[in-house]
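Student: Take a look at this one; I'll ask things after.
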Amino acid sequence: MNHGKIKFFNESKGYGFVKDIESEKEYFVHASGLIDKVKEDDEVTFELAEGRKGINAVDVRLA
């Protein structure tokens, strides 16, 4: 389980980025990977999974 913050999320396009608090790495997140509705600056927990273009944040939920 990773802890991070939503850096950007475009609700109309259904994607954004989450920044891992510990590693400071940023991961792509698609609306299909969300458990809860999120917006910018929300603190979240997430898992990582291999996506079509690299590693994605999945099972993203509010912390």
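Student: Checking the structure you have, find out if any residue of the stretch 42-60 is part of a loop (DSSP other than H, G, I, E, B) and modelled with pLDDT of 95 or more.
Tutor: yes
Student: Can you tell me which residue in the stretch 14-57 is nearest to residue 3 (Cα to Cα), limited to those that are of a type in the set (Asp, Glu) and buried (at least 16 other Cβ atoms within 10 Å of the Cβ)?
Tutor: Within the stretch 14-57, the match that is nearest to residue 3 (Cα to Cα) is 20.
Student: Of the residues 37, 7, 19, only one is free of Cβ contacts under 8 Å to residues at least 24 places away in the same chain, among the charged types (D, E, K, R) and in a strand (DSSP E or B); which?
Tutor: Result: 19 is the single residue among 37, 7, 19 that is free of Cβ contacts under 8 Å to residues at least 24 places away in the same chain, among the charged types (D, E, K, R) and in a strand (DSSP E or B).
The values are calculated or read from the model by the stated rules, or taken from the named source; none is laboratory data. Just so you know, these numbers come straight off a predicted model, no measurement behind them. Don't worry about glycine lacking a Cβ; one is built from the backbone with ideal geometry, like all the others, and counts go over all protein chains shown.
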